[in-house]
């Protein structure tokens with residue numbers, strides 16, 4: 001869709017639903033934001049993350065209308081908790097996968113790490129995302145919190161430090177990893193504050209060549 005349609009649809013849909021929730025006294029609002037908020041996914045002037053794995057503290061510099069609306073949506077949550085008793089959680093899912101698209105979307109990256117993606121080989125299973133959304137709706141956390149939701153491993157199970165250096169050199173600062181095959185996006189905050197535990201991996205659907213496993 002044209003940029004103005006994307007912008008209006010995303011932002012006004014979020015605004016209208018949130019406004020109704022505030023006016024009707026809804027206690028909890030779960031906002032589905034996006035991993036694109038930092039801005040390095042669809043920029044007209046490309047740039048790289050400052051560091052990896054990317055977390056919620058990474059600066060946001062969105063350029064495109066989609067990422068901008070997701071960024072503004074999170075700001076709407078901030079305003080809502082300031083002006084009402086509503087509590088909000090914004091979830092930033094990584095690239096969502098299900099049984100039907102693992103091979104098509106992730107297969108090429110499993111076979112070849114040089115198939116680069118702006119999210120640094122991260123992804124999330126649709127059912128693990130659903131678990132996170134349920135936990136968010138049940139949460140009693142005050143104010144507005146933002147959480148990345150991504151699988152803890154990267155597509156292909158590569159040595160993250162090695163492939164990051166191979167394809168990006170020293171352009172992206174490498175921060176501490178909790179596993180060798182770490183994701184390019186950290187969900188440590190969601191695991192710590194929401195009690196979220198991802199249970200599924202690309203390995204449940206694809207073999208080492210990125211082909212679908214017969215069920």
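The values are calculated or read from the model by the stated rules, or taken from the named source; none is laboratory data. Everything quoted here is computed from the prediction, not taken from an experiment. Backbone-built Cβ (ideal geometry, glycine too); neighbour counts: all protein chains shown.
What helices (runs of 4 or more DSSP H) completely inside the stretch 122-215 contain at least 3 residues that are modelled with pLDDT of 95 or more and more than 27 Å from residue 70 (Cα to Cα)?
Where helices (runs of 4 or more DSSP H) fall fully within the stretch 122-215 and carry at least 3 residues being modelled with pLDDT of 95 or more and more than 27 Å from residue 70 (Cα to Cα), they are 160-168.
Of all the criteria given as (1) touching a helix residue (DSSP H, G or I) at 6+ places or on another chain (Cβ under 9 Å); (2) at pLDDT 95 or above; (3) exposed (fewer than 14 other Cβ atoms within 10 Å of the Cβ); (4) not in a helix (DSSP H, G or I), the one not satisfied by residue 25 is (1).
With respect to the conditions (1) part of a loop (DSSP other than H, G, I, E, B); (2) buried (at least 17 other Cβ atoms within 10 Å of the Cβ), residue 109 lacks only one, and its number is (1). crowded, with 19+ Cβ neighbours inside 10 Å and in contact (Cβ under 8 Å) with a residue 24 or more places away in the chain: does that describe residue 124? In short, yes.
Of the candidates 17, 30, the single residue that is outside any loop (DSSP other than H, G, I, E, B), touching a strand residue (DSSP E or B) at 6+ places or on another chain (Cβ under 9 Å), without any contact (Cβ under 8 Å) to a residue 60 or more places away in the chain and under 28 Å from residue 193 (Cβ atoms) is 17.
Do you know which of the residues in the stretch 127-141 that are surrounded by fewer than 17 Cβ atoms within 10 Å (Cβ to Cβ) and free of Cβ contacts under 8 Å to residues at least 60 places away in the same chain is farthest from the chain's Cα centre (by Cα)? Ranking the qualifying residues of the stretch 127-141, first place goes to 140.
Here residue 40 fulfils each of the conditions (1) under 14 Å from the mean Cα position of the chain (by Cα); (2) modelled with pLDDT of 95 or more; (3) crowded, with 19+ Cβ neighbours inside 10 Å apart from (2). Taking the stretch 168-189 as the search range and keeping residues that are surrounded by 14 or more Cβ atoms within 10 Å (Cβ to Cβ) and without any contact (Cβ under 8 Å) to a residue 60 or more places away in the chain, which one is nearest to residue 116 (Cα to Cα)? Ranking the qualifying residues of the stretch 168-189, first place goes to 181.
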